[in-house]
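Structure record follows, encoded as structure tokens.
The values are calculated or read from the model by the stated rules, or taken from the named source; none is laboratory data. Here the structure is a predicted model, which means the values were calculated and not measured. We place every Cβ from the backbone using ideal geometry, glycine too, and count neighbours over all the protein chains shown. Only protein heavy atoms, including side chains, enter the accessible area calculation; ligands, DNA and RNA are left aside. Shrake-Rupley method; radii C 1.70, N 1.55, O 1.52, S 1.80 Å.
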Amino acid sequence: MPLSRLNDQQLSAATAEFGHNLIIASAGTGKTSTIVGRIGHLLSNGVKPQEILLLTFTNKAAAEMVERVAQYFGNEIATKIDAGTFHAVSYRWLKKEDKRVVLKQQRELKTLFRSVHDKRSFTHIDAETSAYGANYLYDLYSFYQNTEMALDFETWIKQNQREHETYSMIYADIVDEFESLKIQYGFLNFNDLLIKMRDLCKSKHLGYKEVLVDEYQDTNALQGTLIDAMNPDSLFCVGDYDQSIYAFNGADISIIGNFDKKFNDAKVFTLNKNYRSTVPILSLANKVISYNERIYPKALEFTRTAPSAQLPKLITYDELFDQYHGIAASIRDSMTAREEIAVIFRNNSSADGIEVALKELGIACRRKGGTSFFDSKEIKVLLDLYTLLVNESDMMAFIHLFEYAKGVGTSMAKEIYTALKTLGNGSMFYGLYAPDSAISNPFEKRTLNHQLGLFDDFLELGAIGRFAKLGFEEKFLRNAVLKHPKLTKEGATFLHLFYQLFRDLKGIKQPRTIVKKMGESELYKMIITHLAQKRAQQKDGSIDEKQESEAKIRITRKAALLEELSKPYKEHERFLNAMILGSQDLTQGEGVHLLSIHASKGLEYKEVYVIDLMDGRFPNRKLMARGGNIEEERRLFYVSVTRAKDMLYLSFAKYDKIKKIDFVASQFLYEAGLIEMDENYKKLVKKGSKEEEA
């Protein structure tokens, strides 16, 4: 039984009575063992595995816990436990209810959102503040969905973004049109999954007797309302308010802070015996985090009492890049295995410096949070093509693909797609290959509304004859979609190559053959050239031919790897789902780990370097000014240092010779007792107080 390995604190929590239980699990205190023990306790007391729901921060964490349960109860029982992220669990349930559910990635929905935003003009509004761009407005709307449960978007903008009140009606109309398009095409984003799952829970009891929530401190308002809607017989929430570091993404620390006030029968358990780090490392962590308000009383206790434990070491450098090269040299000389070393940073610019320094010394490293195989543009193109083959109604795959066509933006790509569907009487491919000849103008009439920034810039239809010398087949040349007045010769050529590719793919059943033909197509070759030239472009605008050639080779290798991945699959949909949904937890590379603090969450390493501990960088004053605070930055520091098991190095530089900036050490170094508190510290604290008041 997993309970036999638990300490007294863990055992008390794992065997708690049914009800509302909150477990405050400090860093390295064995929260995973406690959750596994709790599941074992439930199974041993007659709760069926399918009556247990485990919600985790990553699907990888869920899989690991289920695997540990299987060691005691077998795969047949363990795999019946419903486990995964909020989004993964919601997606499975919604798929059961409606097989037509189409989940789209943020990248694709941003493309759709941009096509709506780009139709608007803000130039007629006399305002000192410039309107938000499409990508930022999309992110702002997503934040609103995750955090606001009462106000409509227009009112929320007026109250929270007052300098943009003038644009609030246009912003709200963009959002309304975006939501209408999603409904029209059956698209869901990750927020929609939770909203629709919440609606499902309100109308249907899902049969769970207990819901377990991991990383409860990172729950946002939307996730909180979903848990409420589930209304399980028993709730078992595990988290640590000192590790709440996702406020920028809507996480609400008050959810964990108010647990015992929200539920009358709430019981709060505390795990504070740390099994990860040495006494000196924990002492430093405790000392700094104690400057934050204690929501529930706790303090980390030491279990590793080796007298020879190494003290955390502060390394000071005169110049910023001396720091990166110095740390790289320390790693080179370290006896610790490369895979057991992590460099943790607050800002991506810090990672760029250390990555270059490591590579100069020939030290392998992997950077988590960078572009993965499945996120690379060349692979996304192939998956967009495959998506259209499986589901021609996926307008966003079409729009994203045609962004590679010269002279075709998101708004125009959407117009072409809609026109093809009109010509095909609802089918994009019929509109491409067998257009209705009775339709002479397939383009939608523009909606005009001066107040909402909608103007008529669609001129008269263009003549198809302008493309006569491009060598297109007569059948393609007669298609009315070519009448779009702004369609360039390059855009028409791209559309023709698209036409040829999907004509050649017709009737092919094997995913591997499909991927191979896509990778060898003239359309993909055109896109490869575009990507390779962009990656080989020099500062003066010229193209480095050697870099372009190398880029093409790397792109071709990735396409070949996707072909290899397709080998085991016999069905198009199974292959596509595996590639899109199964790529989220992928990590690549080997060697030293370069991690943002958020990416380091839940991980541990023998030797850890926390770099760029200068005021302004860490704590990050810019992010604090946008709604963060010193408490959140301090929690980030706490998370970063508690990743270290044996050796912890903290570093800062005094000067940046490129930007000609003098740095002051981070106030966290003062609070850790590594620098004696002086006038500089008092100035930092005073500065922080003024920023928070502002």
The simple spin-label model distance between Ser12 and Lys489, using points 7 Å out along Cα→Cβ, in nm, is 8.0
In whole µm²/s, the translational diffusion coefficient that Stokes-Einstein assigns to the chain, given a Kirkwood hydrodynamic radius over C-alpha pairs, 25 °C and 0.890 mPa s, equals 86
With x for Gly and Pro, the residue-by-residue ³J(HN,Hα) of region 278-295, computed from phi through the Karplus equation 6.51 cos²θ - 1.76 cosθ + 1.60 at θ = phi - 60° and given in whole Hz, is 6, 4, x, 5, 5, 4, 5, 4, 4, 4, 6, 5, 5, 6, 8, 5, 8, 6
Stretched fully, the stretch from Asp678 through Thr225 gains (0.36 nm per residue minus C-alpha distance, one decimal, in nm) 158.4 nm
For region 292-382 the GluC sites (Glu not before Pro) that pass both the DSSP coil test and the at-most-12 other-Cβ-within-10 Å test are Glu293
Whole-percent carbon and sulfur contribution to the accessible surface of the chain (1.4 Å, no ligands, DNA or RNA) stands at 49
Of the listed pairs Lys158/Lys659; Lys104/Lys601; Lys80/Lys298, those with alpha carbons more than 29 Å apart are Lys158/Lys659; Lys80/Lys298
Region 262-293 and region 511-547 have their Cα centres apart by a whole-number Å value of 51
Computed over region 245-395, the relative contact order (Cα-Cα under 8 Å, seq sep at least six) in percent reads 15
Once phi for every residue in region 509-526 is put through the Karplus expression 6.51 cos²θ - 1.76 cosθ + 1.60 (θ = phi - 60°), the whole-Hz ³J(HN,Hα) values, with Gly and Pro written as x, are 9, 7, x, 4, 5, 4, 4, 4, 5, 5, x, 9, 6, 5, 4, 5, 4, 5
With -39,500 (n - 2.57) per DSSP H segment of 4 or more residues and division by the full residue count of the chain, the 222 nm estimate, nearest 500 deg cm²/dmol, is -14500 deg cm²/dmol
Length gained if Ser427 through Asp233 is fully extended, taking 0.36 nm per residue and subtracting the Cα-Cα distance, is 65.1 nm
Amide H proximity to Ser666 below 5 Å, modelled H, separation 5+ or other chain, gives Met614, Asp615
For the chain, the per residue accessible area (1.4 Å probe, Å²) is 46
Region 220-332: relative contact order from alpha carbon pairs under 8 Å, six or more residues apart, as a whole percent, is 22
In units of 2.2 N^0.38 Å, the Cα radius of gyration of region 528-677 is 1.50
Taking r as the C-beta separation of Lys267 and Arg503 and R0 as 56 Å, the FRET efficiency to the nearest 0.05 is 0.30
A chain fully extended from Ser308 to Ser130 at 0.36 nm per residue, minus the present Cα-Cα distance, gains in nm 58.2 nm
Here region 207-222 yields Karplus 3J(HN,Hα) values (6.51, -1.76, 1.60; θ = phi - 60°; whole Hz; Gly and Pro given as x) of x, 7, 8, 9, 10, 9, 10, 8, 6, 4, 5, 9, 6, 9, 4, 5
Here FRET efficiency (C-beta to C-beta, Ala364 to Ser549, R₀ 30 Å, nearest 0.05) is 0.75
If the label point sits 7 Å along Cα→Cβ of Lys534, residues of region 394-416 with amide N under 19 Å come out as 396-414
Inter-part gap, Cα centre of region 61-91 to Cα centre of region 5-54, in whole angstrom, is 14
Sorted by chain and then number, the residues having a modelled amide H within less than 5 Å of the amide H of Thr270, at least 5 places away or on another chain, are Ile24
Under 16 Å by backbone N from the virtual spin label 7 Å along Cα-to-Cβ at Val685, the residues of region 624-641 are 630-631, 634
Once both label points are put 7 Å beyond Cα along the C-beta direction, the Thr123-Asn45 separation in nm becomes 6.9
If R0 = 25 Å, then Glu590 and Met335, at their Cβ-Cβ distance, give a FRET efficiency to the nearest 0.05 of 0.85
Here the net charge surrounding Tyr499, from other residues whose Cβ is less than 14 Å away from its Cβ (Lys, Arg +1; Asp, Glu -1), is -1
Scoring region 1-86 by relative contact order with C-alpha pairs under 8 Å, at least six apart, yields a percentage of 30
Check: C-alpha center region 478-504 vs C-alpha center region 418-444, spacing in Å is 13
Distance in nm between Leu470 and Lys80 label points, each 7 Å along Cα→Cβ, equals 6.0
Going through Lys406/Lys483; Lys645/Lys682; Lys99/Lys570; Lys95/Lys262; Lys489/Lys517; Lys475/Lys509 one by one, the pairs whose alpha carbons sit over 23 Å apart turn out to be Lys645/Lys682; Lys95/Lys262; Lys489/Lys517; Lys475/Lys509
Note on the chain, DSSP bridge orientation, antiparallel percent to nearest 5 equals 15
Sorted by chain and then number, the residues having a modelled amide H within less than 5 Å of the amide H of His20, at least 5 places away or on another chain, are Leu235, Lys267
